[in-house]
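The values are calculated or read from the model by the stated rules, or taken from the named source; none is laboratory data. None of these values were measured; they are calculated from a predicted model. Methodologically, a virtual Cβ is constructed for each residue, glycine included, from the backbone with ideal geometry; neighbour enumeration extends over all protein chains shown. Heavy atoms of the whole protein, side chains included, go into the accessibility calculation; ligands, DNA and RNA do not. Shrake-Rupley method; radii C 1.70, N 1.55, O 1.52, S 1.80 Å.
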Amino acid sequence: MLFRFCLFFLFAALLLHAGAARAGASLYVDDAATAERGHCQLESWLRLAAPARELTLAPACDVAGTELGLSHSDYAAPHAAAAQSLSAKRVLHAADGWAVAASLGATWSGGRYDGWNLNLPLTLGPDPNGPHLWHVNLGWNQPRRGRARATAGIGLEQALAADWTALAELYADPHGDLGSQLGLRRALGAAASLDLLLGDRERDPRGPWLTLGFNLALR
């Protein structure tokens, strides 16, 4: 665990001197931003970890300043029940180099209610379109069965060039496991991007996974 933290912060320190950077999407650590007011977005990803596979589609729209989202995840090899979630997210403050938001969600698995979650993402950066942004998450996960847990995470977006952004994150998931992801985001114009991420969790017997993500802002 200590090695993973050291690796993350070494990576961050190096990137702070590189030469605009948004989280969310296929990342576990969220940012304190929503879809553009009155517009929609689609975030999607394919996560591969032999022998497992996850495909998720997560559209969301801003309605009167609140982002309403719906996601659907299919799992295969080994098979697991499909999962869905509904969420609402609103920015509470966005000025002076920082922003904070609140999101509330509910999940279903195999057609049955599975629990709810609350998350408070904080984004730090002197300029939301600047070369780097830090994201800090604190939250609560309340499953329908089992023990409730606090969740937390820290993430970094660092612009490397005009169309490339480095992504890194550490997070404690709802099962009490520590995970991390590291990768790149490639902008495809102003409205779309591709993510390529390598991730791992300490107690995951399947080992590391690879995530391919596609994000699209609908204008």
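Looking only at region 93-112, how many residues end up being closer than 17 Å to residue 140 by Cβ and surrounded by fewer than 18 Cβ atoms within 10 Å (Cβ to Cβ)? Number satisfying all stated conditions: 4.
Looking only at residues in region 198-219 that are over 30 Å from residue 38 (Cβ atoms) and under 14 Å from the mean Cα position of the chain (by Cα), which one is surrounded by the most Cβ atoms within 10 Å (Cβ to Cβ)? Write out each step before concluding.
Restricting attention to region 198-219, the residues satisfying the condition of being over 30 Å from residue 38 (Cβ atoms) are 198-210.
Subset that is under 14 Å from the mean Cα position of the chain (by Cα): 198-199.
Working: 198: 13, 199: 21.
The extreme case among them is 199.
What about residue 46, is it farther than 21 Å from residue 94 by Cα, open to solvent by 30 Å² or more (accessible area, probe 1.4 Å) and at pLDDT 95 or above?
Working: farther than 21 Å from residue 94 by Cα: yes; open to solvent by 30 Å² or more (accessible area, probe 1.4 Å): yes; at pLDDT 95 or above: yes.
So residue 46 passes the test.
If you check every pair at least six apart or on different chains, which have Cβ atoms under 8 Å apart with a residue in region 181-199 that is of a type in the set (S, T, N, Q) first and a residue that is exposed (fewer than 15 other Cβ atoms within 10 Å of the Cβ) second? What qualifies is 181/198; 193/186. Tell me, which residue of region 28-63 that is in a strand (DSSP E or B) and among the basic types (Lys, Arg) is nearest to residue 208 (Cα to Cα)? In this case the residue turns out to be 47.
Within region 154-161, is there a residue that is farther than 29 Å from residue 203 by Cβ and surrounded by fewer than 14 Cβ atoms within 10 Å (Cβ to Cβ)? Step through it out loud before you land on a result.
First, the residues of region 154-161 that are farther than 29 Å from residue 203 by Cβ: 159-161.
From what is left, the residues that are surrounded by fewer than 14 Cβ atoms within 10 Å (Cβ to Cβ) are 161.
Among the residues of region 154-161, at least one is farther than 29 Å from residue 203 by Cβ and surrounded by fewer than 14 Cβ atoms within 10 Å (Cβ to Cβ), which makes the answer yes.
Is at least one residue of region 169-179 among the acidic types (Asp, Glu), in a loop (DSSP other than H, G, I, E, B) and open to solvent by 60 Å² or more (accessible area, probe 1.4 Å)? No, that holds for no residue. If only residues of region 180-197 that are open to solvent by 20 Å² or more (accessible area, probe 1.4 Å) and charged (D, E, K, R) are counted, the one that is farthest from residue 49 (Cα to Cα) is 186.
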